[in-house]
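So the structure is just underneath, and the comments pick up after that.
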Amino acid sequence: MAMFSVLVADDHLLLRETLVHFLGREPDFQVATAGSLSETLERIATHGVFDVVLLDVVMPGMQGLAGVAKVVAANAGGAVVVMSGSVQRSFVEGAMQSGARGYVPKTLPARALAEAMRQVASGRKYLPVNLYSDVPVALPPRLAQLSPQEARVLRFLCQGLSNKEIARELDIGEVTVKTHMRAICTKLGARNRTQAALIGTEQLRI
């Protein structure tokens, strides 16, 4: 089993400990923490490159995109994923241009976050599809026929969530999720949800 080193850089102790708790339960993650930009840079210098640095964009010392660029440069060879409770589309675009490999909202479920970290550590990029109304993400041509809600369902499906978990995340009924799933399979030409997830995972590699 491949092991991934993750640095959780966030100044909110409770959130940081929560993230460490959930990610630390995954058998393929080794997790370290930092609470400021200076501490993040120090951790990287001491440890060496992390597979993924999960970077809070408003912790002490960050100064916006300038801080993102510093962490990207320090962790060259690894990935940086910016994290925030609320962020503008322009900031996400700027962070990606600065070398970040993705963005995750702090509301992302723990299970989905772990899958996002694996995706990024494996060399791909991660952006949530329509999870934030101010950070729209263009869908690949094959997925463009999906409605916004179907795209949300597919994203969660690709992250390994069950119908019940998807229903809870989207605050809809499980029957509705199954209806969306049938529509997704029809539009993608998939025989079942497993094949739909395989198609979605391939198409959503940004």
### Query
List the pairs whose first member sits in region 65-82 and is closer than 13 Å to Val52 by Cβ, whose second member is surrounded by fewer than 18 Cβ atoms within 10 Å (Cβ to Cβ), and whose Cβ atoms are under 6 Å apart, counting only residues at least 6 apart or on separate chains?
Val72/Gly99; Asn75/Val49; Gly77/Val49; Gly78/Val49
### Query
Are any residues in region 164-184 open to solvent by less than 20 Å² (accessible area, probe 1.4 Å) and within 22 Å of Gln203 (Cα to Cα), and if so, which ones?
Ile166, Val177, Met181, Ile184
### Task
Within region 185-201, work out how many residues are at negative phi and either open to solvent by 40 Å² or more (accessible area, probe 1.4 Å) or among the β-branched types (Val, Ile, Thr) (or both).
10
### Query
If you scan region 149-162, which residues turn out to be in contact (Cβ under 8 Å) with a residue 24 or more places away in the chain and open to solvent by 30 Å² or more (accessible area, probe 1.4 Å)?
Gln149, Cys158, Gly160
### Query
Where in region 1-120 are there strands (runs of 3 or more DSSP E), lying wholly inside it, with at least 2 residues that are among the hydrophobic types (A, V, I, L, M, F, W, C) and open to solvent by 20 Å² or more (accessible area, probe 1.4 Å)?
29-34
#### Entry: 1 or more residues under 25 Å from Gly123 (Cβ atoms): qualifying helices (runs of 4 or more DSSP H) within region 142-206
148-158, 174-188, 193-203
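The values are calculated or read from the model by the stated rules, or taken from the named source; none is laboratory data. It should be emphasised that the depicted structure is a prediction, and the values quoted were computed from it without experimental measurement. Cβ atoms come from the backbone with ideal geometry, glycine included; neighbour counts cover every protein chain shown. Ligands, DNA and RNA are excluded from the accessible area calculation, which covers all protein heavy atoms including side chains. Shrake-Rupley method; radii C 1.70, N 1.55, O 1.52, S 1.80 Å.
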